[in-house]
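Could you have a look at this structure, given as structure tokens, before my questions?
The values are calculated or read from the model by the stated rules, or taken from the named source; none is laboratory data. Every value quoted in this text rests on a predicted model; they were computed, and no experiment measured them. When we count neighbours, we look across all protein chains shown, and the Cβ atoms used for this are built from the backbone with ideal geometry, even at glycine.
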Amino acid sequence: MPNQTAAPMWRMILPLLMAALLLSPVFACAEGFYVRAALGVDRTLETRFRDVDPTREDVAALYGDVTGIDGNPTQAVGDFGTGAGFSLGLGRVLTPTLRLEAALAHHPELAFEGDANYRGTPGSQSVTADLSATSVILTAYLDLPRFGGLRPFIGLGGGLSYVRIDRTLMRFPGLSQTTTVPGGRSLNLAWTASAGVAKPLTERLTLDVAWRYADSGAVETAQGNIRVLRPDRDLSILIGKTRARLTGHGVWISLRYAF
């Protein structure tokens, strides 16, 4: 069977590659510019979904302002796992040690897996959801003194991220119940920090290997109707937004071509 995830990936990558090819002649005449293509794998850190405002009176709260079975506020705790991403950037060497780069990065598929902690609910309380994230980051890189054939560098960047989460499915086998929460989208401030080494391959081509930490901001489910399904009932209840934070770190490998 054909790979069902590869086709969407290429539909997103190809426009970026075509844009880079079209823009190449523009930057070819400008000394100091370069393009970068990168692939990476990030491991997300622990995240906690809670109500944005559990005290609202016009809509119900999914978790509420109460204490769960573990003594913590009622919430869903887990992470978005490990996911691959890609990035395409345009940069310029400003000084022998300083570079400035604008990059578009995308994680097409991350999957949240966690557990809720509702009081009085027997058995497991699993929570799952799929997510994608896109960011545009402007990064300043400081190139450090060479060490043998390698040149270490550090980077700090800031920009915007767009995060989309699909519906959340909550399963309560002890109650013979599933709860479906609507998805949502958010536009956030984002920032990254990185450190790595560069290895020149040719006069113009450089291989970079870097560790990168990324804070992509909020993940939000929208205000809307949840569906509570049991063998004897099918309920629709209006709830407010819930929110978590998307952070992670990983290893990125890239090729940098200087004009």
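Taking E113 as the residue in question, decide whether it is modelled with pLDDT of 95 or more and loosely packed, with under 14 Cβ neighbours inside 10 Å. If you could, list the steps in order and put the result at the bottom.
Details: modelled with pLDDT of 95 or more: yes; loosely packed, with under 14 Cβ neighbours inside 10 Å: yes.
Taking the combined requirement at face value, the residue satisfies it.
Among the strands (runs of 3 or more DSSP E) lying completely within the range 158-259, list those that include at least 2 residues that are surrounded by 19 or more Cβ atoms within 10 Å (Cβ to Cβ) and modelled with pLDDT of 95 or more.
168-172, 177-181, 184-200, 205-221, 242-258
When only residues in the range 244-259 that are among the hydroxyl-bearing types (S, T, Y) and farther than 25 Å from D130 by Cα count, which is nearest to the chain's Cα centre (by Cα)?
We begin by selecting, within the range 244-259, every residue among the hydroxyl-bearing types (S, T, Y); these are 247, 254, 257.
After this cut, where a residue has to be farther than 25 Å from D130 by Cα as well, the list is 254, 257.
On the way: S254: 19, Y257: 26 Å.
Among those residues, the one meeting the criterion is S254.
Any residue in the range 221-233 that's within 17 Å of A61 (Cα to Cα): show its pairings with residues that are charged (D, E, K, R) at Cβ separation under 6 Å, as long as the two are six or more apart or on different chains.
Q223/K241
Taking interchain pairs and intrachain pairs at least six residues apart, which have beta carbon atoms under 7 angstrom, with the first residue in the range 64-90 and under 17 Å from E113 (Cβ atoms) and the second among the charged types (D, E, K, R) and in a loop (DSSP other than H, G, I, E, B)?
Once the first residue is under 17 Å from E113 (Cβ atoms) and sits in the range 64-90, its partners that are among the charged types (D, E, K, R) and in a loop (DSSP other than H, G, I, E, B) give V77/E46; D79/E46.
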